[in-house]
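S.K.: Starting off with a structure, shown below.
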Amino acid sequence: MANQIYSTVPRSSWNKRVNPDLDIERKNKSFNVERLTNILDGGAEFTQKRRQVGTYLQGLETTATYDASTQEFVLNTPTLSATKWWPGDLGRTATHALILANLYSSGRCHGMHGFILPIRSLQDHSPLPGITVGDIGPKMNFEQTDNGFLQLDHIRIPRENMLNRFSQVLPDGTYVKQGTPQSNYLTMIVLRVQLLASEFIPALVKACIIATRYSVVRHQSKIKPSEPEAKILDYQTQQQKLFPQLATAYAFHFIDEIVIEFFKKSYQEIINGNITNLPELHALSAGMKAMMSDHCILGAELCRRACGGHGYSLLSGLPSLVTKVTASCTYEGENTVLYLQTARFLLKNFLQVQSSQSTPTLPQSIQYLASAGSGRCPAQRTSDFLSPQLYTEAFAHVAARLIRNSAQKLHNLTSSGIDQYVAWNQTAILHLQAAKAHCYHFTVKTFVESLKKLEKEPEIYQVIKRLCDLYALHGLLSNLGDFLYDGYMSRAQVELATEAYFSLLSLIRKDAILLTDAFDFSDESLNSALGCYDGNVYERLFEWAQLSPTNTEGNPAYEKYLRPFLKNNRSKL
Amino acid sequence: MNPDLRRERDAASFDAEKLTHILDGGPERTRRRREIENLILNDPDFKHEDLNFLTRSQRYEIAVRKSATMVKKLRDFGIADPEEIMWFKSFVHRGRPEPLDLHLGMFLPTLLHQATQEQQERFFMPAWNLEIIGTYAQTEMGHGTHLRGLETTATYDPKTQEFILNSPTVTSIKWWPGGLGKTSNHAIVLAQLYTKGECYGLHAFIVPIREIGTHKPLPGIIVGDIGPKFGYDEMDNGYLKMDNYRIPRENMLMKYAQVKPDGTYVKPLNNKLTYGTMVFVRSFLVGEAARSLSKACTIAIRYSLVRHQSEIQPGDPEPQILDFQTQQFKLFPLLATAFAFQFVGAYMKETYHRINVDISQGDLSELPELHALTAGLKAFTSWTANSGIEACRMACGGHGYSHCSGLPNIYVTFTPTCTFEGENTVMMLQTARFLIKSYDQVHSGKLVGGMVSYLNDLSSQRIQPQQVAAWPAMVDINSPDSLTEAYKCRAARLVEAAARNLQAELKHRKSKEIAWNLTSVDLVRASEAHCHYVVVKIFSGNLSKIDDKPIQTVLKNLCLLYALYGISQNSGDFLQGGILTESQLTQVNQRMKELLTIIRPNAAALVDAFDFQDVSLGSVLGRYDGNIYENMFEWAKKSPLNKTQVHESYYKHLKPLQSKL
């Protein structure tokens, strides 16, 4: 992006001071920021190290047909809609591509498999014969990536170019499975889990840092007529926009650690041939990818809009964050489709709970299905809503009810004779809601578990607990109907929860800047005139804007079109 | 034409053309709009390359060329009706901003309304002939919606009879005005007026910024472009820094307030009139929200009819993705919203014109309510359309992310509406102020009128639990009128709740302002509920005005879907307020799913009725003929990166690297 150039230019004298508004926010420390940074990094040694270094696969129409006579695969994209579209770097850069195609050998289709395909000459980079390749044209972002299209006209590649960790084709064309067909999903799961940490969460964290810092530097209107214009972060409406995003950023950070832990453990087991955890891992990675990408997209955009007009300038750094993360709703599995995959897993386990006499052993993330009953929310006073146990149970109750309900509705349709596939489509919205509620419960429960690990550090525990409470209560109040629906919560309890929620906003206000500082993102990586550590927002905006090519080059449009137009009009007068 | 789309169109239960007439306000207006569109479509002077493949400066240049041509052609064709000019302009620029927007939309009208006769003679005709190109410089880098906070000063010097304009701080630099960066040679500058040592608040001054003829910035003026943005590539939003810059006394706009040669300040007689412009612009923005969301729906729905994916039943052919319930659930509520906002836009325009007649006769009584309503509706519709356009984009999967879908452009062009002309949260709080005022008025025994009249029957016992049981029986989920009542109850309940919370805060804290801030989230919710009620009311109110039975039926279904969807998304409010029971809520959800199925066969015809030409949509996915894949391929081939088979960066960076590794 153009503004990346600007951040390297030498700055004027204003750069030596920190904006006094921002400075004051950092004076009242209720906790040790460096310590929190270490926790976020996973230990002091990691902080130090970091600072030193600076979808529907079956439907794809591409085929790979094995030719035993030459021991080659013949890759072909038979129709226009089978043209490979979107892979990053394909347009201009890549010499090889990893292609997923339907494998045919010995006259049978064996489903999707991966193939390594040379696409350009290693000598002069020109496309190889039979390959039509190019850039797919401008997009919302990723301007540096040449997402490409690829058409294959009977391209031959050696048998050895098939990826065969989990299955292979023998020289005579015999297809041999190694492990289970589900293992092919493992690549997808790996990608999804990596995306959480590398793409989604940092986008939300950065957007929060920029918007929160800007909101203490920006003054607007007066809260009281006798006082100077207030920092916009002192407005309740601004806190209501930003703090739930900040809480979500922290929630996702901690949840991601746990997901990765679970993933590593299961991955090792799968490699060793034990696939017990695979269905849960698959459902969890699908659901978490969908939920985190949804929330990071919405959150980053909300932060952008919370910066008013300046959030619309590329110099704020926010539009680039938004357009980058927003692509995530579809890549590596479209979010709705992923939620529905999670829903299938939930449904299957729910039916097991229902049919078995004794309590079955359920995967960890859905054990609540066996225990959540028809109880009532026990809250009696405002402070009860600050109890992690209380709100975790509330989320478990809602998730269990929605799963039960979706299973019930599906069962009603199928038992009235409607085909099970049609019935699934007619109840899809319910399954979607159930999966979302399940994911919400998982995130709340996991955030609470991470919180427990901080108990030895009371100051940090206290600030993170407030974020955890806010995360849960924000989720509860934004989906209030679900909690009121079967009388689980009463109307009076809603008032109490709302009160608890508002009290958290003003408590978090005091620590807001330090909580964003703790993420320890450098100015270079934020690349934002609004979000720099020193808070010199306006000076930087003015300096960066002057460097825009529109100001350093002339204005040919005026000469070409406006001036002749003026002359013409004047001569007519 | 794509066979799927043809089949869909043939199967519609109503005549899309007639619905277009209703949306346009009559067949004659549809005819005239198309006539104007065709005038532009067939004119070689307006042809240009696909903007997606051009740089920002190239896009700016094309926009300037088209604007200059447009001004000339408008005169050649004798188009003078304001609405027709708007159609013309919007079609020439395909709904995008252009460098002369502020000259035509703010500079000229401000001269007309606020300049004296002498000033009109000096500035208006040259401006009309583009000898003077002006902009309207209000927003500063550090100050936006809160106008009183602006820092630019205009100090009168009686010795030379001049005003000295100054930007004292970096935050006072004028920032954002459209056309300021490169195009304009004059600006109407808003500044704090100082004379005889007193500050008299904001006034408007005509400031020459570039030399006529050379177009170079004048001494004492620092002016330029504010750099790249999310969208608005065609627009040279600019900055302006004035360093004790002198202009003659006669350049202050003095139709109302005046500064005499000796420096005496003369107060204006009536200041409420400036409200009028704001109300006009905001009510226009409601229409923009409707148009932008309608475009996005057109693209996403047409694409969902052409795109096939997965299988509902194994072995069956891949169905159109619009047959998936989840896809219908993403798009049909938005389609219903687009229709709702179309009617609200028309209502706002009508009301504005009606009240304008009153105002010109000196009757300002309806202005406060209209002001409050436009503020809230501008915020409500722009927030909803903003997220709706984005939802349409995401509903198109990966292709929605490509500029060939047209959706990213619609989004980035529309989204500033949430912050400009009054930041949305601030707008909602203005509406809340009016609601609370009306609520207090009712409590002190006076009745209120207009859209807030429901506050009159809000005797507080109706909110008490024992009375609540009487309500649910009233709600018939198949009747738009009855649903309007339900929304009314919700609005009443939330206004009352906000008012009571405000009272409670006042008891604790004494300061009115702090109490207001600590209640502001509740107040915004109350305003949203009020606006939601107004939208449902206007939509359902329009149904009875439609004579054509098939169209009435299909619109009634959309109206029901709009209302029921809103209930399901805000079910907490309806349950909490005792307006609906749990079993009614279950019925709402069930009925909503039935409506999705009922609306499905008319989806193609409903978006056809918006009657957007392909060039207006600017979308390969949304093409009328549905031939998307062939055209996507053709479109991509035109990408500048494809001009050579091997890009120069390969020789420069990759090849040398490969030889080293």
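Only the coordinates and a few stated rules stand behind these numbers; no lab work does. If you're wondering where the values come from, they're calculated on a predicted model, not measured in any experiment. Every residue, glycine as well, gets a Cβ built from its backbone with ideal geometry; the counts of neighbours run over all protein chains shown.
S.K.: Per residue of B:640-650, count partner chain C-beta atoms within 10 Å of its C-beta, then hand back the mean as an integer.
M.R.: 5
S.K.: Give the calculated FRET efficiency between residue B:453 and residue B:199 to the nearest 0.05, with a Förster radius of 51 Å applied to their Cβ-Cβ distance.
M.R.: 0.80
S.K.: Here is a follow-up. Can you list the residues, at least 5 places off or on another chain, whose amide H is less than 5 Å from the amide H of residue A:73, using H built in the peptide plane?
M.R.: So residue A:73 has HN proximity to A:67, A:157, A:159.
S.K.: Equivalent ellipsoid semi-axes for the stretch B:183-226, as square roots of 5 times the alpha carbon gyration tensor eigenvalues: give them largest first, rounded to whole Å.
M.R.: So the equivalent ellipsoid measures 26, 10, 9 Å along its semi-axes.
S.K.: Continuing with the same structure: Of the options B:206, A:109, B:88, report the single residue whose Cα projects farthest towards the positive end of the charge dipole of the protein assembly as shown (beta-carbon charges: Lys, Arg +1; Asp, Glu -1).
M.R.: Looking along the dipole axis, the top candidate is B:206.
S.K.: Counting other beta carbons within 10 Å of each Cβ, put A:243, B:124 in order, fewest first.
M.R.: B:124, A:243
S.K.: If you add up the charges near residue B:314, with Lys and Arg at +1 and Asp and Glu at -1, over every other residue whose beta carbon is less than 15 angstrom from its beta carbon, what do you get?
M.R.: On the way: positive: A:344; negative: A:419, B:311, B:316, B:318.
Combined, the nearby Lys, Arg, Asp and Glu give -3.
S.K.: Which of A:424, B:176, B:128 comes first, and how do the rest follow, when ranked by fewest Cβ neighbours within 10 Å?
M.R.: Placing the least packed residue first, the sequence is B:128, A:424, B:176.
S.K.: Give, as a single signed number, the net charge of other residues whose beta carbon lies under 12 Å from the beta carbon of residue B:343, with Lys and Arg counted +1 and Asp and Glu -1. Mind showing how you got there, number by number?
M.R.: Details: positive: B:349, B:537, B:545; negative: B:350.
So the surrounding residues net to +2.
S.K.: Could you list which residues have their amide H under 5 Å from that of residue A:218, counting only those 5 or more apart in sequence or on another chain, with H placed in the peptide plane?
M.R.: For residue A:218, whose amide H was placed from the backbone, the distant partners under 5 Å are A:232.
S.K.: Over the stretch A:195-324, what relative contact order in percent results from Cα pairs under 8 Å that are six or more residues apart? Walk me through the numbers before you get to the answer.
M.R.: Details: 115 pairs, mean separation 45.0, N = 130.
The value is 35 percent.
S.K.: Right, next: In what sequence, highest mean first, do A:17-27, A:539-549 appear when ranked by Cβ atoms within 10 angstrom?
M.R.: The most tightly packed comes first, giving A:539-549, A:17-27.
S.K.: Just list whichever of A:289/A:409; B:488/B:545; B:229/B:437 have alpha carbons separated by over 31 Å in the model shown.
M.R.: From the list (A:289/A:409; B:488/B:545; B:229/B:437), the Cα-Cα distance tops 31 Å for B:229/B:437.
S.K.: Still on this structure: Assign one of three labels to chain B, namely rounded, prolate or oblate, based on the Cα gyration tensor with a ≥ b ≥ c the square roots of its eigenvalues; rounded applies when a/c is under 1.5, prolate when it is not and a/b is larger than b/c, and oblate otherwise. Walk me through the numbers on the way to the answer.
M.R.: On the way: a/c = 1.81, a/b = 1.13, b/c = 1.60.
The shape class here is oblate.
S.K.: By a straight-distance test (C-alpha under 20 Å), which aspartates and glutamates pair with residue A:222 as possible cross-link partners, with residues fewer than eight away in the same chain excluded?
M.R.: A:21, A:25, A:234, B:140, B:151, B:421, B:423, B:505, B:513, B:522
S.K.: If you add up the charges near residue A:197, with Lys and Arg at +1 and Asp and Glu at -1, over every other residue whose beta carbon is less than 11 angstrom from its beta carbon, what do you get?
M.R.: Working: positive: A:192; negative: A:199, A:256, A:257.
Every neighbour counted, the sum reads -2.
S.K.: In terms of the Cα gyration tensor, with a ≥ b ≥ c the square roots of its eigenvalues, is the stretch A:269-408 rounded because a/c is under 1.5, prolate because a/b exceeds b/c, or oblate?
M.R.: Numbers: a/c = 2.79, a/b = 1.46, b/c = 1.90.
Because a/c hits 1.5 or more and a/b fails to exceed b/c, the stretch A:269-408 counts as oblate.
S.K.: Got a sec? How would B:34, B:148 order by Cβ neighbour count within 10 Å, fewest to most?
M.R.: Numbers: B:34 16, B:148 11.
Starting with the residue having the fewest Cβ neighbours, the order is B:148, B:34.
S.K.: Something else about it: Over the stretch B:201-310, what is the relative contact order in percent, taking alpha-carbon pairs closer than 8 angstrom and at least six residues apart?
M.R.: Numbers: 70 pairs, mean separation 18.8, N = 110.
RCO, the stretch B:201-310: 17 percent.
S.K.: Between the stretch B:103-150 and the stretch B:391-428, what is the C-alpha centre distance in whole Å?
M.R.: Here the two parts' Cα centres lie 29 Å apart.
S.K.: Roughly how many Å is it from the Cα centre of the stretch A:469-528 to that of the stretch A:317-362, as a whole number?
M.R.: 23 Å
S.K.: Taking a 23 Å limit on the Cα-Cα distance, which of the listed pairs A:348/A:465; B:72/B:182; B:47/B:72 fall beyond it? Each step should come with its number before you reach the end.
M.R.: Values: A:348/A:465 34 Å; B:72/B:182 21 Å; B:47/B:72 16 Å.
Distance filter (> 23 Å) returns A:348/A:465.
S.K.: Let me know the shape class of the protein assembly as shown, please: from the alpha-carbon gyration tensor, a ≥ b ≥ c as square roots of the eigenvalues, rounded when a/c is under 1.5, otherwise prolate if a/b is greater than b/c, or oblate.
M.R.: Here the protein assembly as shown falls in the rounded category.
S.K.: Would you mind giving the mean number of other chain beta-carbons within 10 Å of the Cβ of each residue in B:405-413, as a whole number?
M.R.: Values: counts 2, 0, 1, 6, 1, 0, 4, 5, 0.
Shielding by partners across B:405-413 averages 2.
S.K.: Something else: Normalised by the number of residues in chain B, what is the relative contact order in percent for Cα pairs under 8 Å and 6+ residues apart?
M.R.: Across chain B, relative contact order equals 15 percent.
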